[in-house]
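A.B. asks: Just dropping this structure here.
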Amino acid sequence: MFILVSGASGSGKSTIIKEILKHFDKNIALLPSSTSRKIRPGEIEGENYYYLTKEEFEDAIKNGEFIEYQKVFENGNYYGVSRNRYNDYSKKYPLLIKDVDVLGVENIKKEDDIDTLSIYIDVGDDEELRKRLINRGDDLKDIELRIKRKRFEDGYKNKYDYIVLNDDIEKAILKTKKIIEKEIEKRSKK
Ligand code: 5GP
């Protein structure tokens, strides 16, 4: 089962994914995708992403290496899930998880051979997100861009298998764990 998690920047999806990885331990892995964005301080190659140049990414697109890819953010960087990497990881782990944007989820769901579970982490209204991003220390121009992006992503939330409202991080983690457990059980009965 490939668990796809979306939500605005600041929605808490990274924290939730971290806890899900701990909880399901050896049965789950984070599937790193590829990106043409620059590595950020503290990030490790191969953990969340493999970092490619724009040219390397475009070559990989031409070679058909991606299940899906997007030019995600308003900054024009590419993000995509490699078919080979997905195949390798899914042989080793019954559960895979990755955060992808709303369009990525739509495209991965179209793949007949991939069993997906999509979860949207809903941060609530714009003001709630603005508050969180200010507390996190993001700069103001960036915050407005992220709110614009949130409005766009919120427009897709009803297409997800589940929406988890994160007005309390502990509750949101628990709810996400329960959803995954329920879906594992459903599949085991098939
Ligand atoms: P960031 O640059 O902050 O790591 O990610 C920016 C956005 O790209 C996030 O919404 C993240 O979920 C999304 N993203 C990360 N990897 C992929 C991917 O492989 N495909 C798609 N479609 N979106 C991705």
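A.B. asks: Can you find a residue in the stretch 155-165 that is among the polar types (S, T, N, Q) and touching a helix residue (DSSP H, G or I) at 6+ places or on another chain (Cβ under 9 Å)?
C.D. replies: Initially, the stretch 155-165 is screened for residues among the polar types (S, T, N, Q), giving 158.
Now drop any that are not touching a helix residue (DSSP H, G or I) at 6+ places or on another chain (Cβ under 9 Å), which leaves none.
No, the stretch 155-165 has no match at all.
A.B. asks: Tally time: how many residues in the stretch 57-79 are modelled with pLDDT of 95 or more, farther than 18 Å from I3 by Cα and either assigned to a loop (DSSP other than H, G, I, E, B) or not small (G, A, S) (or both)?
C.D. replies: Residues flagged as modelled with pLDDT of 95 or more, farther than 18 Å from I3 by Cα and either assigned to a loop (DSSP other than H, G, I, E, B) or not small (G, A, S) (or both) within the stretch 57-79 amount to 9.
A.B. asks: Just checking, which of A8, A29, A60 is touching a residue at least 12 places away in the same chain (Cβ under 8 Å), among the small types (G, A, S) and away from the ligand (no atom under 14 Å from the Cβ)? Lay out the reasoning, then the answer.
C.D. replies: Values: A8 fails: away from the ligand (no atom under 14 Å from the Cβ); A60 fails: away from the ligand (no atom under 14 Å from the Cβ).
Unique residue meeting the criteria: A29.
A.B. asks: Please enumerate the residues belonging to the stretch 144-190 that are part of a helix (DSSP H, G or I), hydroxyl-bearing (S, T, Y) and surrounded by 18 or more Cβ atoms within 10 Å (Cβ to Cβ). Explain how you work it out, then say what you get.
C.D. replies: Narrowing the stretch 144-190 to residues part of a helix (DSSP H, G or I): 144-154, 157-159, 169-188.
Filter once more, keeping what is hydroxyl-bearing (S, T, Y): 176, 188.
Of everything in the stretch 144-190, just one residue is part of a helix (DSSP H, G or I), hydroxyl-bearing (S, T, Y) and surrounded by 18 or more Cβ atoms within 10 Å (Cβ to Cβ), namely T176.
A.B. asks: How about the stretch 80-107: which of its residues are within 8 Å of the ligand (Cβ to nearest atom), modelled with pLDDT of 95 or more and either surrounded by fewer than 20 Cβ atoms within 10 Å (Cβ to Cβ) or over 29 Å from L174 (Cβ atoms) (or both)?
C.D. replies: Passing the criteria: G80, N107.
A.B. asks: Regarding R132, is this residue at pLDDT below 90, within 13 Å of the ligand (Cβ to nearest atom) and either loosely packed, with under 15 Cβ neighbours inside 10 Å or part of a helix (DSSP H, G or I) (or both)?
C.D. replies: So R132 does not fit the description; no.
The values are calculated or read from the model by the stated rules, or taken from the named source; none is laboratory data. Computed from a predicted model, the values in this text were never measured in an experiment. Note that we place each Cβ from the backbone using ideal geometry, even for glycine, and neighbour counts take in every protein chain shown.
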